[in-house]
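Working notes, structure below.
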Amino acid sequence: MAKFRYTGRNDLGEIQSGVVEAGSRDLAIKILQDNKIYVLSLESLEKEGFLDKLLRSFQRVKTKDLMVFTRQLSVLLSAKVQLVDSLKSLYNQVTDPMLKDAIFDVFTDVEGGLYFSQALAKHPRVFSDFFINMVRSAELSGRLEETLNYLADYLEKDNNLRSKLRDAMIYPAFIIVVFLAVMILVVTVVIPQLKGIFTESGSQLPFITRVLMGVGDFLLNWGVAIVIFLAIVIFLFIRYIRTPEGKAFWQQLIISLPIIGPIQKEVAISRFTSSCSALLKGGLPIASSLEIAGKITGNVVYEDILKKTANAVRSGSNISDCLIQYPKYFPPMVIQMISVGEISGQVDELMQKVADFYSNEVDQVAANLAEIIQPVLIVALGVFIGLFVAAVLMPIYNLAQVF
């Protein structure tokens with residue numbers, strides 16, 4: 001049984017606090033509710049181990065789960081259910097533990113008198129700046145249901161985009177991993193067993209066979225050291241790309257690659273224009289919208305550019321005049337559309353049109369990516385497999401000629 005420290009309010013409105021024992025957080029809440037105590041805060045008294053802290057640092061709420069929660073909350077609010085009651089209802093339905101804990105804290109904070117956006121802001125790992133600012137602007141305009149519905153649509157589109165890009169890369173990644181595993185098996189198991197026979201024959205071995213034998217000997221002698229070395233390199237590389245400098249270097253490298261780079265740029269532009277359009281429609285200032293949209297792109301390079309643009313806009317510059325300085329990252333069409341929007345006073349509408357265009361472009365590329373990669377991959381694998389077969393069969397054929 002775990003112990004939880006609680007603070008709550010009874011039927012008379014009096015604040016109570018104490019400790020309750022229960023098998024889980026949900027059971028502790030149920031026990032308190034059965035005793036007619038409305039929970040304001042609930043904190044576990046159990047000490048969290050190092051492994052638990054490490055696992056929690058990698059824990060993330062899935063976009064799909066957040067989208068479903070947002071959609072359901074919008075439906076409940078449109079049905080005139082009170083915000084606190086809606087959050088309590090959804091708390092009992094959500095299965096993701098991180099999201100569940102966040103919802104509990106949010107509805108207790110809202111019940112305690114905080115604005116919904118203020119309660120969300122306490123959980124930056126669950127709710128993004130974009131999500132929080134959209135809710136904040138909706139609270140001011142009184143359009144919370146509509147805004148939540150838009151957020152659900154936005155999250156759904158973003159989730160679909162991520163899924164398409166991920167699915168397009170699963171097949172090639174699987175084939176490459178299997179091929180590497182087979183290659184290692186051949187050079188470390190099959191060829192060494194034939195090495196003695198080839199050596200005794202005294203015949204001249206083909207160059208490719210000698211190369212594979214050398215690779216096999218190297219892996220057998222230094223395999224463990226290589227694995228340890230690669231593990232250290234990967235660990236250090238992951239730590240490096242988590243630093244601001246390393247993250248900027250890695251993302252700059254990614255968007256400079258031939259095939260992946262253009263896709264990443266289109267994804268970043270689509271996210272920037274879509275989120276910026278939504279924020280402007282929600283009533284946020286242009287400069288603040290640009291900064292928040294920069295974070296939503298998920299790319300440090302674009303985030304830095306849009307932050308500089310936001311500062312320039314605060315000084316009186318136009319968005320298009322700032323973005324035109326970065327032709328490598330913003331195509332002329334994007335700048336022209338934004339420029340037309342600034343002249344006509346419809347920046348949000350024109351940005352949404354740009355977002356729709358690039359969203360369709362990315363969808364098309366993601367759909368065709370597997371079809372583009374598969375024939376190239378098949379040809380490359382065919383060449384390598386042919387070399388492996390030749391490396392094994394040619395010496396055997398030479399032996400047969402000798403005898």
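The values are calculated or read from the model by the stated rules, or taken from the named source; none is laboratory data. Computed from a predicted structure; not experimentally measured. Note: ideal-geometry Cβ built from the backbone for every residue, glycine included; neighbour counts use all protein chains shown.
Restricting attention to region 139-162, the residues that are over 17 Å from the mean Cα position of the chain (by Cα), at pLDDT below 80 and assigned to a helix (DSSP H, G or I) add up to 2.
Going by the conditions given, is Ile208 modelled with pLDDT of 85 or more, more than 29 Å from Ala366 (Cα to Cα) and assigned to a helix (DSSP H, G or I)? The answer is no for Ile208.
Rundown of residues vs (1) of a type in the set (Lys, Arg); (2) under 21 Å from Ser274 (Cβ atoms); (3) in a helix (DSSP H, G or I), yes/no style:
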residue	(1), (2), (3)
Tyr326	no, yes, no
Gln336	no, yes, yes
Glu342	no, yes, yes
Met351	no, yes, yes
Asn360	no, yes, yes
Gln364	no, yes, yes
Ile373	no, no, yes
Leu387	no, no, yes
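If you take the residues in region 345-372 that are surrounded by fewer than 21 Cβ atoms within 10 Å (Cβ to Cβ) and among the small types (Gly, Ala, Ser), which one is nearest to Ala293 (Cα to Cα)? Looking at residues that are surrounded by fewer than 21 Cβ atoms within 10 Å (Cβ to Cβ) and among the small types (Gly, Ala, Ser), I get Gly345.
Look at Gly341 and say whether it is free of Cβ contacts under 8 Å to residues at least 12 places away in the same chain, assigned by TED's automatic domain parsing to the domain that holds Ala293, out of contact with any strand residue (DSSP E or B) (no Cβ under 6 Å at 6 or more places or on another chain) and crowded, with 21+ Cβ neighbours inside 10 Å. When the stated conditions are applied, Gly341 passes them.
Number of residues in region 87-125 that are hydrophobic (A, V, I, L, M, F, W, C), in a helix (DSSP H, G or I), over 15 Å from Asp65 (Cα atoms) and more than 21 Å from the chain's Cα centre (by Cα) equals 6. Exactly one residue out of Phe272, Phe249 is without any contact (Cβ under 8 Å) to a residue 24 or more places away in the chain, among the hydrophobic types (A, V, I, L, M, F, W, C) and either closer than 30 Å to Arg314 by Cβ or in the same structural domain as Asp129 (by TED's automatic domain parsing) (or both), and it is Phe249.
Among the residues making up region 131-172, those that are farther than 21 Å from Thr63 by Cβ, of a type in the set (Gly, Ala, Ser) and surrounded by fewer than 19 Cβ atoms within 10 Å (Cβ to Cβ) are Ser141, Gly142.
The combined condition, being closer than 30 Å to Arg271 by Cβ and in contact (Cβ under 8 Å) with a residue 40 or more places away in the chain, is not fulfilled by Leu194. Checking Phe130, Phe179 one by one, the residue that is part of a helix (DSSP H, G or I), in contact (Cβ under 8 Å) with a residue 24 or more places away in the chain, assigned by TED's automatic domain parsing to the domain that holds Ser275 and aromatic (Phe, Trp, Tyr) is Phe179 and no other.
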